[in-house]
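Data first, discussion second: the structure below is written as structure tokens.
The values are calculated or read from the model by the stated rules, or taken from the named source; none is laboratory data. Values in this document were obtained by computation on a predicted structure and should not be read as measured data. Glycine also receives a Cβ, built like all others from the backbone with ideal geometry; neighbour counts cover every protein chain displayed.
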Amino acid sequence: MLTVDRQIRELRAELENCALTRRERTQALLELNALMARQTQMATAVAIRAAERAAPG
């Protein structure tokens, strides 16, 4: 998860600070959106596992 967080930070910095062509900016935004979706999926999976372990069984 740290790698995903790091990639997200790097892409945000690139989008903010670099002069990108329209095509490069579009590609970076697509990558950023995919990484953010992956991060959400991973966080959801962790939350579900934690809830399953906490549930009386």
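Key figures for this structure:
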read-out	value
Residues being free of Cβ contacts under 8 Å to residues at least 24 places away in the same chain, among the hydrophobic types (A, V, I, L, M, F, W, C) and out of contact with any helix residue (DSSP H, G or I) (no Cβ under 6 Å at 6 or more places or on another chain) - total across segment 23-38	4
Pairs, first modelled with pLDDT of 95 or more in segment 1-22, second not in a helix (DSSP H, G or I), C-beta under 8 Å, six or more apart	Glu14/Leu20
Pair list, Cβ under 9 Å, 6 or more apart: segment 39-57 residue under 20 Å from Val4 (Cα atoms) and charged (D, E, K, R), other residue at pLDDT 95 or above and assigned to a helix (DSSP H, G or I)	none
Condition check for Ala51: exposed (fewer than 11 other Cβ atoms within 10 Å of the Cβ) and either in a helix (DSSP H, G or I) or among the hydroxyl-bearing types (Ser, Thr, Tyr) (or both)	yes
